[in-house]
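Asker: The following block contains the structure, expressed as structure tokens.
The values are calculated or read from the model by the stated rules, or taken from the named source; none is laboratory data. Remember, predicted model here, so these are calculated numbers, not experimental data. Here Cβ is always computed from backbone atoms with ideal geometry, including for glycine, and neighbour counts include all displayed protein chains.
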Amino acid sequence: MRRVGDFIVETLIAHGVDRLFCVPGESYLGLLDALHDRPEIDTVVCRHEGGAGFMALADARLTGRPGVVCVSRGPGACNAAIAVHTAQQDATPLILIVGQVAAGDLRRDAFQEIDYGKMFGGIAKWTAEIADPARAPETLLRAFRVATGGTPGPVVIAVPEDILTAGSDAPALAPQRSPRAAPAQGDVAALRRWLENAERPLLLAGSALESDVGRAALLRFAERWRVPVAVSFRRQDLFPNDHPLYAGAMQLANPPAQMAVMAEADPLLVVGARLGDITTQGYAFPELVRPRRRLAHIHPDANAIGTHFATDLGIISDAPEALDAIGEPDARPPDRSGWIGRLAEQRRALADRRAPEPADGLAFDRVVAALGRQLPDDAIVTLDAGAFGAPAYRAIPFRPPQRMLAPISGAMGYGVPAAVAAGLRHPGRPVVCLVGDGGLLMTGAELAVARERRLPLKVIVSENGAYGSIRLHQERLYPGRVAGTGFVNPDIEALGRAFGLEATRFERPEDLEGMREILARDTAQMIVVSSSLSAASGG
């Protein structure tokens, strides 16, 4: 007998889903059984629901399709909540399927029951519960539309265990064509007039350009119009970082000198980015609520435009399509070499900044700089959250097709699962994970998947025995009163070896000479860096 679980699996396949991530639970055994005879979907069994969710998010960013993660009710869904929050913050399409208590037990406070509409209502784009087998088709139809439409994000679907095994004769749903808004001709003409005469234009690029098509359109537009490009928070792989028109990235706290130059921009063209806290430097660039410069905002989601900042020109459109619609200038743009040079000078000054040499251990800046010089052209770099990663954001000269996957939400534990997902998705490309000892111990168990699948990941661990980013803030606000930010590690090298990685420790600058050879190996490798808290730097 064909079941609702079979319908769900067939619909996932029809929508191009070829991999899902899960931690098994008795509440969705019917779905797991439906996956048994479907080799079209690679079912990746993870060790923690948070790790499974992070893998799904990384896979979504690499494919452009919704990441799919399956978890059990109650504890499983709670563990997966971090992925839902990260998907919302990162604008990444995610479908979380939760096995639910039996339909007859709903809203009776049954064992491990949660009302997911209430639980995820503030962070998911949509939550649904399939309490009637006949409602499964419309629920799946809407789930894919909501997850991918406008600003992409998370959708949560709860399916009672007995509904998964109920009969269903509904055919698998074919994908819908996504509705796309095109820019109005009058708006395109206005933008062209702005750009034809602008002396200090600046483009701020964001997540809606995160595709091969988007990156190509961005580069094409910037070179046609000679417009410098800055990228939003942790989106360094959108634009070649060694390009003369690259103006840098919006960080947690950009240097005042750099922001002073950027503040002269007019017009500011925001393309595919949401103007949130960090990208606007605490809602100070541009200025609330009426900016002191002309502001144009292009985004596929109307809700992202004019929310905090009054725009002079708001364009609801697919971002790459809008950039291409602007076309080529009719005449040579004004000479902007001085403006471009000033922005580049500030970007170089930030990239050249180095932490002081520590009395003990090895400055992680040195490790990152060595990695950046040797990074293969097709490498994928995944980063966990923490102060250790700051040098990577400012000093590695990312250039497409290189990819950088980092949590916009600042969620620790992202780096290792993201690396595993990247290794699965692109087995022929080098994958390097940068992670602190705190983040490694949060989700490092997902290296078991890397061992099972024989993924030749390169994991570089900054070991300082502390939650370094929090310690920096603690010492600034409460000098001399360290509490709750230090910890004792196990033998991390031995831990790496237990997961099948060859482990090497770097303690001195001369150890860096071995990095090239380690990166070139075709086996899984771990480099443990004896770092120093005194060498940590913000970013």
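Asker: Would you confirm whether any residue within segment 474-487 is within 28 Å of Ile380 (Cβ to Cβ) and among the small types (Gly, Ala, Ser)?
Answerer: The answer is no, given that none of the residues of segment 474-487 is within 28 Å of Ile380 (Cβ to Cβ) and among the small types (Gly, Ala, Ser).
Asker: Go through (1) at pLDDT 95 or above; (2) in contact with a helix residue (DSSP H, G or I) (Cβ under 7 Å, 6 or more places away or on another chain); (3) not aromatic (Phe, Trp, Tyr) for Gly117 and report which single condition fails.
Answerer: (2)
Asker: Take the residues in segment 151-208 that are within 27 Å of the chain's Cα centre (by Cα) and among the β-branched types (Val, Ile, Thr), then tell me which one is farthest from Gly117 (Cα to Cα).
Answerer: Among residues in segment 151-208 that are within 27 Å of the chain's Cα centre (by Cα) and among the β-branched types (Val, Ile, Thr), the one farthest from Gly117 (Cα to Cα) is Thr151.
Asker: What single numbered condition from (1) touching a residue at least 12 places away in the same chain (Cβ under 8 Å); (2) over 30 Å from Arg429 (Cα atoms); (3) under 26 Å from the mean Cα position of the chain (by Cα) fails to hold for Gly306?
Answerer: Just one mismatch for Gly306, condition (1).
Asker: Could you tell me whether any residue of segment 99-107 is of a type in the set (Asp, Glu) and more than 24 Å from Arg47 (Cβ to Cβ)?
Answerer: The answer is yes, given that some residue of segment 99-107 is of a type in the set (Asp, Glu) and more than 24 Å from Arg47 (Cβ to Cβ).
Asker: Can you pull out the residues in segment 82-115 that are surrounded by fewer than 21 Cβ atoms within 10 Å (Cβ to Cβ) and part of a helix (DSSP H, G or I)?
Answerer: Selection gives His85, Gln89, Ala103, Gly104, Asp105.
Asker: Are there any pairs with C-beta distances below 9 angstrom linking a residue in segment 329-340 that is more than 10 Å from Glu199 (Cα to Cα) and assigned by TED's automatic domain parsing to the domain that holds Ala190 to a residue that is in a helix (DSSP H, G or I) and among the hydrophobic types (A, V, I, L, M, F, W, C), with the two at least 6 apart or on different chains, and if so which?
Answerer: Pro329/Leu195; Pro329/Trp225
Asker: Restricting to segment 35-60, give me the number of residues that are buried (at least 23 other Cβ atoms within 10 Å of the Cβ) and assigned to a helix (DSSP H, G or I).
Answerer: Total meeting the criteria: 12.
Asker: Shifting gears a bit: Do we have Ile130 as β-branched (Val, Ile, Thr) and under 17 Å from Gly5 (Cα atoms) here?
Answerer: Yes: the conditions hold for Ile130.
Asker: Okay, moving on. Looking for whichever is among the charged types (D, E, K, R) and more than 22 Å from Met55 (Cα to Cα) here; the options are Arg476, Arg429, Arg453. Which one fits?
Answerer: The unique qualifying residue is Arg476.
Asker: Could you list, in sequence order, the residues of segment 199-242 that are of a type outside the set (Asp, Glu), assigned to a helix (DSSP H, G or I) and farther than 11 Å from Val271 by Cβ?
Answerer: Passing the criteria: Val213, Arg215, Ala216, Leu219, Arg220, Arg224, Trp225, Gln236.
Asker: Okay, next question. Of everything in segment 290-314 that's β-branched (Val, Ile, Thr) and either in contact with a His (Cβ under 7 Å, 6 or more places away or on another chain) or part of a loop (DSSP other than H, G, I, E, B) (or both), which residue is surrounded by the fewest Cβ atoms within 10 Å (Cβ to Cβ)?
Answerer: The selected residue is Thr307.
Asker: Could you list, in sequence order, all residues of segment 354-384 that are basic (Lys, Arg) and closer than 20 Å to His243 by Cβ?
Answerer: Across segment 354-384, the qualifying residue is only Arg373.
Asker: Quick check on segment 435-443. Is at least one of its residues buried (at least 24 other Cβ atoms within 10 Å of the Cβ) and within 18 Å of Val45 (Cβ to Cβ)?
Answerer: Yes - at least one qualifying residue is present in segment 435-443.
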